[in-house]
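The values are calculated or read from the model by the stated rules, or taken from the named source; none is laboratory data. Values in this document were obtained by computation on a predicted structure and should not be read as measured data. Here the Cβ positions follow ideal geometry from the backbone for every residue, glycine too, while neighbour counts run over all protein chains shown.
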Amino acid sequence: MKYPTQKLAYPYFIAALLLFVVQVLAGVLAGSVYAMPNFLAESLPFHIIRMIHTNALLVWLLLGYFGASYFLIPEESERDIHSPKIAWLQLFIFVFAALAAVVSYLAGVHEGREFLEQPLWIKILLVVAFLLFLYNVSMTVLKGRKTVVTSILLLGMWGAALMFLFAFYNPSNLALDKMYWWYVVHIWVEGVWELIMASMLAFLLIKMTGVDREVIEKWLYVVVGLALFSGLLGTGHHYYWIGTPGYWQWIGSIFSVLEVLPFFAMVLWSFHMVYRSGRNHPNKAAMLWSLGCPVMAFFGAGVWGLLHSFSTVNFYSHGTQITAAHGHMAFYGAYVMLNLAFFTYALPQLRGVQPYNQILNMWSFWVMTAAMAFMTFTLTFAGVLQTHLQRVVGMGFMEIQQQLDLFYWMRLLAGIVFFAGALLYLYAALGPTKKQVSSPLEMQPAIK
Amino acid sequence: MSERLTKSAARNIFYGGTAFFLLLFIALSIHTHLYIVNTSTDQTTLTESVARGKHVWERHSCINCHSLLGEGAYFAPELGNVWVRYGGRDHPEGARMGLKAWMRAQPTGVPGRRQMPQFNLTEQELDDLIDFFEWTSRIDTQGWPPNTAG
């Protein structure tokens, strides 16, 4: 860490991790309601818990991206962040808006489009914070060295802010509402967020493998190219049954297959770069997360997405637990692991120590990843059964759900294990630092 | 990766390709917008009460338990076709009464069964919401869902 303003990332990461705990806790509560339907039914109904679960996820992921930007942009641009004050103001506004949203939901005050439930004034605060961020990092990048990593990162961030503006358009025609709602939801997670993801991964690979920047940045273009070429028209797989034209069934099916490619390319890219470097980076935990992220993203977003995105399959599986299975592993693999990788890489530098608590950190990797995989399997089985009974046999929804009890219990178990893994990560990342190995080598400025 | 692909070629492919697919997406979006307005939905019956009903739906965040045209939380039944499921096509008055009675009776308090909260909707809000369901059930959804179970 060469630039003092990189320290701005630290409070962002702490805020992100605390909201991560809120998110997972809400997830465990929601999973409990699935298994024990009367639990909290009167005091904290399911729809409130779920809003907190999904909103906290989105907000902490964004906080992670903001922090990562403040960390990596000075090193890439070779200059300090334009205004640390603006960065602090942005953090304050963003976290305040997030907490206000949680309080507001608990009080039953919210809007009603999925994931965009924030009351209008909170949406405006989020936009203000986003604009402060964009101004701050754009000024830094414009004045400094231009790299592909920062230009792709900024493209992703500007794109995300731009698409969020569709959250303010809510026509009374439900089909139109849904069409533009996907502009925010799909083009975020299957479009511009992949740009953010790929550029953060590129930075980690450059730093940890030491492979020539030229090579890594060429790959970066290929990955984000595949992401947008497939992802934009891939929006079509959401336009099958909501009042949109039939040709989307063809476009959506074809481009959904292609949407696997950017994730597959990310797997090849990261493993190839690590293999090619032959270097032994001391932060082994960060390396594990950086390699685990594209792999799990490939399965969660890629394979599990493809599983139900052919229109002929989706006709039966649309809106069942299969979607829930895909959503969980996709978000975990692509974006949660990405942030946890970046935190693991940056925190030792931010705290001014050598990589620490690595064994604990790696344990949390395996605990969370195994729990999420198990959860995804249980929900997939539940979804397949539900699809058959509901869409083929034609049984009633509530009757079927009771038959899925066993799966929901196993999902709850996976959720509790995941929560334990998340706490383990939190302790490893933010708790007291303990060097795993002490050797005279550590007295030297750097290993290789 | 092939050495023949240079970094500047990769950059040009990225920006050029993205511009191409973005323009294509925008063109298809415009067509889709017009298709929704003119063909798949019935703008003439999109009355004030349907619009108010949509707001009732949103104000109580129904989407975070139910699904609507397959999108939502999957915790509670699909409601895009609830009007049809309640027999609204043949007996609109009966369906309306049935839906109102159901919502008024919540929560059932039955042990081991998912509970819907009591939202204390007024008669007007109930009517608006049901008008919204009725309008939604007439959207041309390419034949989805496969059956009335939703």
Which of the residues belonging to the range A:36-81 are closer than 24 Å to A:Leu116 by Cα and basic (Lys, Arg)? A:Arg50
Of all the residues that make up the range B:90-104, how many are farther than 18 Å from B:Trp57 by Cα and loosely packed, with under 13 Cβ neighbours inside 10 Å? 4
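Is it the case, given these coordinates, that A:Val313 is more than 26 Å from A:Leu61 (Cα to Cα) and either β-branched (Val, Ile, Thr) or more than 11 Å from chain B (Cβ to nearest Cβ) (or both)? Talk me through it step by step, then tell me what you get.
On the way: more than 26 Å from A:Leu61 (Cα to Cα): yes; either β-branched (Val, Ile, Thr) or more than 11 Å from chain B (Cβ to nearest Cβ) (or both): yes.
Judged against the criteria, A:Val313 is a match.
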Among residues of the range A:313-332 being surrounded by fewer than 24 Cβ atoms within 10 Å (Cβ to Cβ) and free of Cβ contacts under 8 Å to residues at least 40 places away in the same chain, the residue farthest from A:His237 (Cα to Cα) is A:Gly327
Looking at the range A:181-220, which of its residues are crowded, with 24+ Cβ neighbours inside 10 Å and at the interface with another protein chain (Cβ under 8 Å from one of its Cβ atoms)? A:Trp219
Wholly within the range A:253-326, helices (runs of 4 or more DSSP H) carrying at least 1 residues that are over 23 Å from A:Arg411 (Cα atoms): A:260-277, A:284-297, A:311-317
Give the residue, chosen from A:Gly300, A:Gly292, A:Gly278, that is at pLDDT below 95 and either touching a strand residue (DSSP E or B) at 6+ places or on another chain (Cβ under 9 Å) or small (Gly, Ala, Ser) (or both). A:Gly278
Which residue out of A:Val28, A:Val21 is in a helix (DSSP H, G or I), under 27 Å from A:Pro84 (Cβ atoms), away from chain B (no Cβ under 14 Å) and in contact with a helix residue (DSSP H, G or I) (Cβ under 9 Å, 6 or more places away or on another chain)? A:Val21
Take the conditions in a loop (DSSP other than H, G, I, E, B) and hydrophobic (A, V, I, L, M, F, W, C) and apply them to A:Val336. Does it pass? no
